[in-house]
Amino acid sequence: EEKGEDINEFQVRRGYINISSKFNDWFSTRITPDLTVDREGDGQGDLEMRFKYCYVKFSMPSRGVFTKPAVEFGLVHRPWLDFEQKINNYRSQGTMFLERGGLFNSADNGITFMSLLGGQMDDSYKKKVSKGYPGRYGSVALGIYNGGGYHALENNENKVFESRLTVRPVPDVVPGLQVSWLLKLGKGNTDAAPDFSVNSAMVSLENQWYVLTGQYYRGKGNSKGKALLPDGRSAPQQGYSMFAEYRFPHTRWGLIGRYDYFDFNRDSSDQTSTRLIGGLVYHVAGNHKMILDVDTVEYEDSGERETIGKFTVEVSF
């Protein structure tokens, strides 16, 4: 049920085709067409194809604390969402907390520098827990971008700075514990170019059997330049999110749960939303999975509640 209307339909939620080539040890490319449901174009809900990634990547030798540093040019990864989605591996259920709040998406035209820190975790950790961003002492990423995201034209000459610093404080004692900080500074993607900033911190804990995250956000405006107060100023915002995944030992079954609280205007007491997600997961093999979940959100100012029940099949190879 959405906006008072019932929904009952089959959908292809997303479809990616990765086309990549590694020419030598330091130069590679990637092009990723992205198939998605068009609900904002002609309104017919048909499938459209656009580019998600289209970049060249220069890999550099490890130096000092920087392990496997690299630079991407073109339509590139932004620093945050690709990292978070390696921890919360349920993008097929829906977008992550900050993207769901309308702040930004995962890719943009620009340049990104990224590196692991202090070597890598051992093969056992990468096999049993996660091989995503396996820096022994964390990882770092930063860049400059147009700001509107990969499916928006550049509507002004301002650029957005984004950076992420992740620290793995005790890799030998609690290897799955990471503390991350995200900073974004720039202008919204309109002619008026309202202020846009994001400060967010996340603590995550990964294990062979479970994943836990807690995240807090505070900032103003969004990348589209549409989170505004009546006087045209960027709306001050805040929120927090908690996510949990549990895999039953020696089975293919698991559970996921998530709670989001988002305050769209800190100056008002009722412009908030609360979202609750719960799901049952069957891991077919590798990253292939099936998810049966219920996703419900309530908006305090209008009193509206939207509830979606979904059965999702994700095939990743």
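Is it true that some residue in region 162-177 is outside any loop (DSSP other than H, G, I, E, B), farther than 30 Å from TYR261 by Cβ, among the aliphatic types (A, V, I, L, M) and modelled with pLDDT of 95 or more?
First pass over region 162-177, keeping only residues outside any loop (DSSP other than H, G, I, E, B): 162-167, 177.
Checking which are farther than 30 Å from TYR261 by Cβ leaves us with none.
No, that holds for no residue.
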### Query
Could you say whether any residue in region 208-222 is in contact with a Gly (Cβ under 6 Å, 6 or more places away or on another chain) and either more than 25 Å from VAL294 (Cβ to Cβ) or at pLDDT below 95 (or both)?
yes
#### Entry: Residue tally, condition open to solvent by less than 70 Å² (accessible area, probe 1.4 Å), in contact with a His (Cβ under 8 Å, 6 or more places away or on another chain) and in a loop (DSSP other than H, G, I, E, B), over region 302-317
1
### Message
Any residue at all in region 24-35 that's over 18 Å from VAL315 (Cα atoms) and free of Cβ contacts under 8 Å to residues at least 12 places away in the same chain?
### Response
yes
### Residue count for region 103-124, restricted to those that are in contact with a strand residue (DSSP E or B) (Cβ under 6 Å, 6 or more places away or on another chain), open to solvent by less than 20 Å² (accessible area, probe 1.4 Å) and within 17 Å of ASP34 (Cβ to Cβ)
2
### Query
Is there any pair linking a residue in region 169-190 that is farther than 30 Å from GLU157 by Cβ to one that is of a type in the set (Phe, Trp, Tyr) and surrounded by 13 or more Cβ atoms within 10 Å (Cβ to Cβ), with Cβ under 7 Å and at least six apart or on different chains, and which?
PRO171/TYR137; PRO175/TYR125
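Considering every residue within region 157-167, establish whether at least one is more than 23 Å from ASP82 (Cβ to Cβ) and out of contact with any Pro (no Cβ under 7 Å at 6 or more places or on another chain). Give the steps one after another, and end with the answer.
Residues of region 157-167 that are more than 23 Å from ASP82 (Cβ to Cβ), as a first pass: 157-158.
Now narrow it down to the ones that are out of contact with any Pro (no Cβ under 7 Å at 6 or more places or on another chain): 157-158.
Yes: one or more hits.
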### Message
Can you tell me which condition GLY143 does not meet? The list is (1) touching a Pro at 6+ places or on another chain (Cβ under 9 Å); (2) part of a loop (DSSP other than H, G, I, E, B); (3) not polar (S, T, N, Q), and all the others hold.
### Response
(2)
### Task
Return the total of residues in region 207-225 being of a type in the set (D, E, K, R) and either farther than 20 Å from ASP260 by Cβ or free of Cβ contacts under 8 Å to residues at least 40 places away in the same chain (or both).
2
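Residue-wise test of (1) open to solvent by 70 Å² or more (accessible area, probe 1.4 Å); (2) farther than 30 Å from ASP172 by Cβ; (3) among the polar types (S, T, N, Q).
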position	(1), (2), (3)
ARG13	yes, yes, no
LYS68	yes, no, no
ARG91	no, yes, no
GLY101	no, yes, no
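The values are calculated or read from the model by the stated rules, or taken from the named source; none is laboratory data. Predicted model only: the values in this text are computed from it and were never measured. Glycine gets a Cβ as well: all are built from the backbone with ideal geometry, and neighbour counts include every protein chain shown. Accessible surface areas use protein heavy atoms only, side chains included; no ligands, DNA or RNA. Shrake-Rupley method; radii C 1.70, N 1.55, O 1.52, S 1.80 Å.
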